[in-house]
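*Asks:* Shown below is the structure under consideration.
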Amino acid sequence: MKLTYRRMAEIMLAERKRLGTEENDLHAMRYRGIMELASAGCSDDEIASYSGPVTMAMIRKYAGIARQIMRARQASAKQK
């Protein structure tokens, strides 16, 4: 049986309620997933293949934030 987006959203909401993390909606989880993939060194194309229907502009935005954090950490480590 194929799950509709609405049914999956209902399942995810029930799980978020069970875990006490209702503030983490589907958008926030996708955003975090893209940031994690970028932090792991994945290219934008790899992230797009994994994350599903999201625009390249959004991938560049979210991955860019993660990459900026990584560069800041690298720069900070070089100061020490």
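*Asks:* Quick one: Cα convex hull volume of the chain, Å³ per residue?
*Replies:* Dividing the Cα hull volume of the chain by its residues yields 121 Å³.
*Asks:* Arrange the peptides 33-46, 10-23 so that the one whose residues have, on average, the most other Cβ atoms within 10 Å appears first.
*Replies:* With the highest mean Cβ count within 10 Å placed first, the list reads 33-46, 10-23.
*Asks:* For the chain, take the longest principal axis of its alpha carbons; what is the angle in degrees between that and the long axis of helix 26-39, to the nearest 10 within 0 to 90?
*Replies:* Helix 26-39 and the main axis of the chain meet at about 30 degrees.
*Asks:* Under 20 Å from the Cα of K17, which lysines turn up, not counting those fewer than eight places away in the same chain?
*Replies:* Cα-Cα hits under 20 Å: none found.
*Asks:* Now a separate question. Grab the other residues whose beta carbon is less than 13 angstrom from that of K61, score K and R as +1, D and E as -1, and report the net.
*Replies:* Net charge around K61: +2.
Readers should treat all values here as calculations from the given coordinates under stated rules, not as data from a laboratory. Worth saying up front: this structure is predicted, and the values here are computed from it rather than measured. For neighbour counting, all protein chains shown are included, and Cβ atoms are generated from backbone atoms with ideal geometry for every residue, glycine included.
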